[in-house]
Amino acid sequence: MPVDVATDLSIVGRLLLAALLGALIGLEREVHGHPAGMRTHLLVSVGSAAFTVLSIEAFHVPGADPGRIAAQIVSGIGFLGAGAILKEGANIRGLTTAASLWAVAAVGMAAGAAAWTVALTGTILVIVSLWPLAIVADRFVGRDRQRIRLRLTTADPHALGRIAATVSGQGGVIAHLATDHVPGGLLIDIEVRLSDPGAGVPLTTAIADMDGIELLESRADGD
């Protein structure tokens, strides 16, 4: 099979662009502490680009449909996105990350098809929707700006009332509460939504200092 240097360089450029754009989108997720970060988005973008290049360049058989592989990417990426969605009680997390994986597959496909305008514009729009647009939504729509997840143990049967009073006193709202009986007491998983981002540390400290309560885990969370 003869080597076409110009075509090969074009393909390398498409894959490199897909890697760069996927990494840029994944960097936003990485910065905000989500499990599907820069490497995951880069791999999804490069894989989508590679499949698209193969569907265009490698299958020139009469009657072949180069769009079939691309169509499978669109449906297949849904399985990967579903793995990023977590349901915890009444709360669902990871929808935005799943959507960004789906979108980055489209960016990779555009780069693989040498549709530079689509790839670059799509990347800009995805990043804007994940970061600046989220800030605008927090400010003007009034969505809670921070969520704190706590895991506690206690032997005090009245601890839940004291915890609820502390949360309320710090301007928080209990969004999710789950309890489980363990040897020696009660295991409590609680999610608190705060309108003031600076209230997370004081709230955690106040609960940790309460008599008869042991703080096992504390983390700030987001979408």
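The values are calculated or read from the model by the stated rules, or taken from the named source; none is laboratory data. All figures in this text were calculated on a predicted structure; none of them were measured in a lab. Cβ coordinates were reconstructed from backbone atoms using ideal geometry, including for glycine residues, and neighbour counts include every protein chain displayed. When the accessible area is computed, the model is the full protein with side chains, heavy atoms only, and any ligands, DNA or RNA have been set aside. Shrake-Rupley method; radii C 1.70, N 1.55, O 1.52, S 1.80 Å.
The selection criterion, being outside any helix (DSSP H, G or I) and at pLDDT below 85, does not hold for I77.
Rundown of residues vs (1) touching a Cys at 6+ places or on another chain (Cβ under 6 Å); (2) at pLDDT below 85; (3) more than 27 Å from S129 (Cα to Cα); (4) part of a strand (DSSP E or B), yes/no style:
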| position | (1), (2), (3), (4) |
| --- | --- |
| G142 | no, yes, no, no |
| L152 | no, no, yes, yes |
| A165 | no, no, yes, no |
| L177 | no, yes, yes, yes |
| L186 | no, no, yes, yes |
| D189 | no, no, yes, yes |
| V192 | no, no, no, yes |
| L215 | no, no, yes, yes |
| R219 | no, yes, no, yes |
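Which condition breaks for D156 when tested against (1) at pLDDT below 80; (2) acidic (D, E); (3) more than 26 Å from the chain's Cα centre (by Cα)? The single condition D156 does not satisfy is (1).
If you go through the range 163-176 and keep only what is free of Cβ contacts under 8 Å to residues at least 24 places away in the same chain and under 27 Å from the mean Cα position of the chain (by Cα), you end up with just I174.
Taking every residue in the range 199-217 that is farther than 17 Å from G169 by Cβ and pairing it with any residue that is part of a loop (DSSP other than H, G, I, E, B), at least 6 positions away or on another chain, the pairs with Cβ-Cβ distances below 7 Å are G212/A155; G212/D156. Of the residues making up the range 194-213, just one is in a loop (DSSP other than H, G, I, E, B) and open to solvent by less than 50 Å² (accessible area, probe 1.4 Å), namely M210.
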